[in-house]
Amino acid sequence: SQTIHQWPATLVQPVGSPLSLECTVEGTSNPNLYWYRQAAGRGLQLLFYSVGIGQISSEVPQNLSASRPQDRQFILSSKKLLLSDSGFYLCAWSGSGTGVYEQYFGPGTRLTVT
Amino acid sequence: AQSVTQLGSHVSVSEGALVLLRCNYSSSVPPYLFWYVQYPNQGLQLLLKYTTGATLVKGINGFEAEFKKSETSFHLTKPSAHMSDAAEYFCAVSGYSSASKIIFGSGTRLSIRP
């Protein structure tokens with residue numbers, strides 16, 4: 001069966017510090033991968049998605065970047081965090097190829113920027 | 001373009017009462033529809049999905065939803081609420097694409113009164 005991992009689970013970082021959040025998927029190959037942010041009391045905002053290694057699409061211009069160095073690894077980064085980067089970050093995967101596939105979510109990372 | 005509207009950011013029902021969470025969608029292509037549940041500080045879990053075929057879809061935890069094309073709706077119901085159903089519920093829509101992007105509604109928080 002497939003599983004998705006995210007770490008760390010929680011993170012407190014000062015403004016201006018760098019960020020690296022990691023997501024890995026097991027039990028599947030060539031998945032589509034997604035990063036979402038969920039601000040307090042808000043819905044989900046799609047940040048990035050990837051349909052393959054090195055292929056990243058950005059949905060919202062911002063202070064963040066994403067990379068996919070391996071087939072089942074997705075990394076969310078920032079060089080300098082802003083207060084507005086606080087939130088709950090969720091990674092998700094889906095099947096790939098043409099078609100419509102449901103997404104499966106990881107447990108999330110709670111980021112607080114102080 | 002696709003969009004989802006969830007009517008009511010907060011719904012409160014008594015334990016044992018009917019649960020009805022409303023969702024309306026807009027889509028220029030045949031929609032694929034989903035309901036997800038999120039418990040506090042956790043990722044999203046797929047409750048059920050509609051792709052094609054039978055318009056009444058049964059999901060986990062006793063939930064079901066009915067796709068009504070004429071009303072562009074996909075309301076979520078459960079005959080008898082349990083305390084464990086208290087959570088945030090998200091309706092989502094997707095269309096046929098190579099990236100399987102999903103558009104999420106803003107969510108409905110379900111509270112259960114003893």
From the list A:L111, A:L83, pick out the single residue that is open to solvent by 40 Å² or more (accessible area, probe 1.4 Å) and more than 24 Å from B:V93 (Cα to Cα).
-> A:L83
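Kindly indicate the residue of the stretch B:40-52 that is more than 10 Å from the chain's Cα centre (by Cα) and either among the hydroxyl-bearing types (S, T, Y) or open to solvent by less than 60 Å² (accessible area, probe 1.4 Å) (or both) and also nearest to B:L76 (Cα to Cα) among those meeting that condition. Show your work before the answer.
Just the residues of the stretch B:40-52 that are more than 10 Å from the chain's Cα centre (by Cα), to begin with: B:40-45, B:50-52.
Going one step further and asking which of them are either among the hydroxyl-bearing types (S, T, Y) or open to solvent by less than 60 Å² (accessible area, probe 1.4 Å) (or both), we end up with B:43-44, B:50-52.
Numbers: B:G43: 19, B:L44: 16, B:Y50: 12, B:T51: 15, B:T52: 17 Å.
Per the stated criteria, the residue is B:Y50.
Each row is one residue, and each column tells you yes or no for (1) away from every other protein chain (no Cβ under 14 Å); (2) among the aromatic types (F, W, Y); (3) out of contact with any strand residue (DSSP E or B) (no Cβ under 7 Å at 6 or more places or on another chain); (4) open to solvent by 60 Å² or more (accessible area, probe 1.4 Å).
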{"site": "A:S17", "(1), (2), (3), (4)": "yes, no, yes, no"}
{"site": "A:E22", "(1), (2), (3), (4)": "yes, no, no, no"}
{"site": "A:A39", "(1), (2), (3), (4)": "no, no, no, no"}
{"site": "A:I53", "(1), (2), (3), (4)": "yes, no, no, yes"}
{"site": "A:Q70", "(1), (2), (3), (4)": "yes, no, yes, yes"}
{"site": "A:K79", "(1), (2), (3), (4)": "yes, no, yes, yes"}
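Residues checked against (1) in contact with a Phe, Trp or Tyr (Cβ under 9 Å, 6 or more places away or on another chain); (2) within 14 Å of chain A (Cβ to nearest Cβ); (3) surrounded by 15 or more Cβ atoms within 10 Å (Cβ to Cβ); (4) of a type in the set (V, I, T):
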position	(1), (2), (3), (4)
B:Q38	yes, yes, yes, no
B:L56	yes, no, no, no
B:E71	no, no, no, no
B:I102	yes, yes, yes, yes
Taking the condition touching a residue at least 24 places away in the same chain (Cβ under 8 Å) and over 23 Å from B:S100 (Cα atoms), does A:V51 pass?
-> no
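The values are calculated or read from the model by the stated rules, or taken from the named source; none is laboratory data. As the structure is a prediction and not an experimental result, all values here were calculated from the model. Ideal geometry is used to build each Cβ from the backbone, glycine not excepted, and the neighbour counts take in all protein chains shown. Surface accessibility is based on the protein's heavy atoms, side chains included, excluding ligands, DNA and RNA. Shrake-Rupley method; radii C 1.70, N 1.55, O 1.52, S 1.80 Å.
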